[in-house]
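So the structure is just underneath, and the comments pick up after that.
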Amino acid sequence: MMRLALIAPLLLTLGAGCSAANDIPDPAADVFAGLDPTAVSDVLGSRAAHDNVAILQADDRNSMWQGMVGNFSLCRDMLATYSIWLSTGTPPDDLPSPRVPMRPEPSFPDVETSYEFYRGLIRSGDASQLRAALTNPSGCGAWVPAEPGSPDGPTVADAVRSAG
Amino acid sequence: MKASRLLSAGAGALLVLSQGFFAGSASGATESFSKTVSCTNGTYTNVRDWTQVTSGTVSVRQASSNPQIIGRYHLQSSLGNNTGAQNIGDGTAKSFGTLLPATYKTWHTAASSVNCNGSGIGNGNSATTGSVTHS
């Protein structure tokens, strides 16, 4: 009886700290602080995003959630750049840069690296390089919806193909 | 005391390097893996972490599995980008196309559930080896 009394609070504590496979962070969670709230909402509403997290160990999940939000912003920033480039004939002077989270997870350096990679494609002056990256079947364009708040709408890659 | 701390830190660094975690992968680099994986389809094991430092093609080879199973592999970036999944049997390799720079996990699941466990409970596991090559 005495043992049970000692173990019960421990089990309750462990249970409260455990992350279920389908555990969804709150949009106001620290992991999203400093990031675009629309991208946060879109990631949390994305079935593909949940699939990405489902196979990860609990310790890796926050990093993936934050990385995907950065990825949604990146992909849409680059689509906007591509659209301006197509319509004006020259890339914009101001190249996109990442929003910096208040508490960067291990995935954040990859967000920075990705922005730098894409900025390099823009600096090349060859729009076809940016187009190829945004339509890469293993890149962000393949699954990130082009329009915020439209999870089932055209992807960034679809939008790039339509734009020409 | 200081020396032992240094030794300990050095050993830790070597362990990380030997496992290839977050080591940059240049063109032509090959990184091997040796993991116990599930024989149940739908149970995923990350067999290798690696970093793609520049845009390039990546292939995965399954060298051996014991008990023998066909692996279904896909690559997942830390930002949630994924390749398609491909079945790879022992002694064969498949290309996953051009990947953009990021840190990746190499996910394995059994292509179909196989009893690797005889009369034991569940399907059991398989000892699988292979490699990831960047070109």
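Of all residues in the range A:46-57, those that are more than 25 Å from A:Pro154 (Cβ to Cβ) have Cβ atoms under 8 Å from Cβ atoms of residues that are polar (S, T, N, Q) and buried (at least 19 other Cβ atoms within 10 Å of the Cβ), 6 or more apart or on another chain, in A:Ile55/B:Gln76. Pairs under 8 Å by beta carbon, first residue touching a residue at least 40 places away in the same chain (Cβ under 8 Å) in the range A:145-164, partner assigned to a loop (DSSP other than H, G, I, E, B) and among the acidic types (Asp, Glu), six or more apart or different chains? Close Cβ pairs (under 8 Å, with a partner that is assigned to a loop (DSSP other than H, G, I, E, B) and among the acidic types (Asp, Glu)) amount to A:Pro145/A:Asp152. Tell me which of these A:Asp26 doesn't satisfy, since it passes every other one: (1) part of a helix (DSSP H, G or I); (2) more than 9 Å from every other protein chain (Cβ to nearest Cβ); (3) within 20 Å of A:Gly149 (Cβ to Cβ). Against the list (1) part of a helix (DSSP H, G or I); (2) more than 9 Å from every other protein chain (Cβ to nearest Cβ); (3) within 20 Å of A:Gly149 (Cβ to Cβ), A:Asp26 comes up short only on (1). As a summary of the residue check, B:Pro67 satisfies the conditions (1) over 14 Å from the mean Cα position of the chain (by Cα); (2) at pLDDT 95 or above; (3) within 12 Å of another protein chain (Cβ to nearest Cβ) except for the one numbered (3).
Are any of the residues in the range B:36-44 farther than 17 Å from A:Pro137 by Cβ, among the aromatic types (Phe, Trp, Tyr) and surrounded by fewer than 22 Cβ atoms within 10 Å (Cβ to Cβ)? Within the range B:36-44, one or more residues are farther than 17 Å from A:Pro137 by Cβ, among the aromatic types (Phe, Trp, Tyr) and surrounded by fewer than 22 Cβ atoms within 10 Å (Cβ to Cβ).
Could you pull out the residue among A:Pro91, A:Pro106 that is modelled with pLDDT under 95 and in contact with a Gly (Cβ under 9 Å, 6 or more places away or on another chain)? Unique residue meeting the criteria: A:Pro91. Flag: B:Leu75 matches the condition of being touching a residue at least 24 places away in the same chain (Cβ under 8 Å), closer than 18 Å to A:Ile55 by Cβ and either of a type in the set (D, E, K, R) or within 12 Å of another protein chain (Cβ to nearest Cβ) (or both). Is there a residue in the range A:113-133 that is aromatic (Phe, Trp, Tyr) and surrounded by fewer than 22 Cβ atoms within 10 Å (Cβ to Cβ)? Within the range A:113-133, one or more residues are aromatic (Phe, Trp, Tyr) and surrounded by fewer than 22 Cβ atoms within 10 Å (Cβ to Cβ).
Select from the range A:69-85 the residues that are farther than 24 Å from A:Pro27 by Cα and open to solvent by 10 Å² or more (accessible area, probe 1.4 Å) and write down the one among them that is nearest to the other protein chains (Cβ to nearest Cβ). Among residues in the range A:69-85 that are farther than 24 Å from A:Pro27 by Cα and open to solvent by 10 Å² or more (accessible area, probe 1.4 Å), the one nearest to the other protein chains (Cβ to nearest Cβ) is A:Leu79.
I'd like to know if the range B:115-125 contains one or more residues that are hydroxyl-bearing (Ser, Thr, Tyr), out of contact with any His (no Cβ under 6 Å at 6 or more places or on another chain) and closer than 23 Å to A:Arg61 by Cα. Outline the logic, then answer.
Initially, the range B:115-125 is screened for residues hydroxyl-bearing (Ser, Thr, Tyr), giving B:119.
Still in the running and out of contact with any His (no Cβ under 6 Å at 6 or more places or on another chain): B:119.
After this cut, where a residue has to be closer than 23 Å to A:Arg61 by Cα as well, the list is none.
No, because not a single residue in the range B:115-125 is hydroxyl-bearing (Ser, Thr, Tyr), out of contact with any His (no Cβ under 6 Å at 6 or more places or on another chain) and closer than 23 Å to A:Arg61 by Cα.
Being open to solvent by less than 50 Å² (accessible area, probe 1.4 Å) and more than 9 Å from chain B (Cβ to nearest Cβ) narrows it down to one of A:Gly139, A:Gly149, A:Gly164, so name that one. Answer to the selection: A:Gly164. For the range A:47-59, a residue qualifies if it is within 9 Å of chain B (Cβ to nearest Cβ), surrounded by fewer than 20 Cβ atoms within 10 Å (Cβ to Cβ) and farther than 17 Å from B:His108 by Cα, and exactly one does: A:Ala48. For the range A:105-125, does any single residue satisfy the condition of being within 14 Å of chain B (Cβ to nearest Cβ), basic (Lys, Arg) and more than 12 Å from the chain's Cα centre (by Cα)? There is at least one residue in the range A:105-125 that is within 14 Å of chain B (Cβ to nearest Cβ), basic (Lys, Arg) and more than 12 Å from the chain's Cα centre (by Cα). Across the range B:95-111, the qualifying residues are those that are within 20 Å of B:Ser38 (Cβ to Cβ) and assigned to a strand (DSSP E or B), and the one among them that is farthest from the other protein chains (Cβ to nearest Cβ) is B:Ala110. Looking only at the range B:77-94, residues that are in a strand (DSSP E or B), touching a Ser or Thr at 6+ places or on another chain (Cβ under 8 Å) and open to solvent by less than 20 Å² (accessible area, probe 1.4 Å) come to 1 in all. Here B:Gln68, B:Gln62 are screened, and the one residue that is in contact (Cβ under 8 Å) with a residue 24 or more places away in the chain and in a loop (DSSP other than H, G, I, E, B) is B:Gln68.
The values are calculated or read from the model by the stated rules, or taken from the named source; none is laboratory data. None of the values given here were measured: they were computed from a predicted structure. For neighbour counting, all protein chains shown are included, and Cβ atoms are generated from backbone atoms with ideal geometry for every residue, glycine included. With ligands, DNA and RNA removed, areas are computed over all heavy atoms of the protein, side chains included. Shrake-Rupley method; radii C 1.70, N 1.55, O 1.52, S 1.80 Å.
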